[in-house]
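Submitted below is the structure of interest, expressed as structure tokens.
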Amino acid sequence: MNDGLKCPECSSENVYHDGSLWVCPECAHEWNPEAATGGAGVENSEVRDANGNALNDGDTVTVIKDLKVKGSSLVVKGGTKVKGIRLVDGADGHNIACKIDGIGAMNLKSEFVKKA
Ligand SMILES: [Zn+2]
């Protein structure tokens with residue numbers, strides 16, 4: 001499993017794959033290659049938006065439909081822009097962690113957003 005990936009922290013090439021993350025044994029850094037390489041390290045845990053575009057940490061996305069916020073009466077309106085998303089391994093399908101103005105920190109499903 002050597003496709004030229006290097007640790008973004010210490011540039012070690014002795015990195016290995018652990019689940020959806022890469023791990024560096026030399027500095028114990030863990031990272032998602034989607035974010036670190038801009039898509040060069042394609043893998044099956046890739047998160048895609050409603051249009052099938054790959055999403056990366058730090059992307060800005062637009063919510064495509066009104067979404068109820070679980071456990072509250074708040075609604076994230078369709079068209080809301082969400083800056084600086086973070087991809088997470090959401091077992092329930094909520095694979096984007098983000099912070100929305102007026103709502104706060106929450107998780108979204110990538111199928112309900114599109115890359116802005
Ligand atoms: Zn390292």
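Across segment 78-116, what is the number of residues that are open to solvent by 50 Å² or more (accessible area, probe 1.4 Å) and in a strand (DSSP E or B)?
Here the count works out to 7.
Matching residues to (1) away from the ligand (no atom under 16 Å from the Cβ); (2) at pLDDT 90 or above:
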{"position": "Leu5", "(1), (2)": "no, no"}
{"position": "Pro8", "(1), (2)": "no, no"}
{"position": "Glu26", "(1), (2)": "no, yes"}
{"position": "Gly39", "(1), (2)": "yes, no"}
{"position": "Gly71", "(1), (2)": "yes, no"}
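Still on this model: Quick check on segment 64-82. Is at least one of its residues touching a residue at least 60 places away in the same chain (Cβ under 8 Å) and acidic (Asp, Glu)?
no
Six or more apart or on different chains, Cβ atoms under 7 Å: show the pairs whose first residue is in segment 47-63 and within 10 Å of Phe112 (Cα to Cα) and part of a loop (DSSP other than H, G, I, E, B) and whose second is open to solvent by 30 Å² or more (accessible area, probe 1.4 Å) and of a type outside the set (A, V, I, L, M).
Every condition considered, the pairs that remain are Asp49/Lys114; Asp49/Lys115; Ala50/Glu111; Ala50/Phe112; Ala50/Lys114; Asn51/Lys114.
Now, a different point. Inspect segment 65-80 for any residue being closer than 20 Å to Leu21 by Cα and touching a Lys or Arg at 6+ places or on another chain (Cβ under 9 Å) and give the result as yes or no.
Within segment 65-80 (the criterion being closer than 20 Å to Leu21 by Cα and touching a Lys or Arg at 6+ places or on another chain (Cβ under 9 Å)), the answer is no, since none of the residues qualifies.
The values are calculated or read from the model by the stated rules, or taken from the named source; none is laboratory data. All of these numbers come straight from a predicted model, not from anything done at the bench. Note that each Cβ is placed from the backbone with ideal geometry, even for glycine, and that neighbours are counted across all protein chains shown. Accessible surface areas use protein heavy atoms only, side chains included; no ligands, DNA or RNA. Shrake-Rupley method; radii C 1.70, N 1.55, O 1.52, S 1.80 Å.
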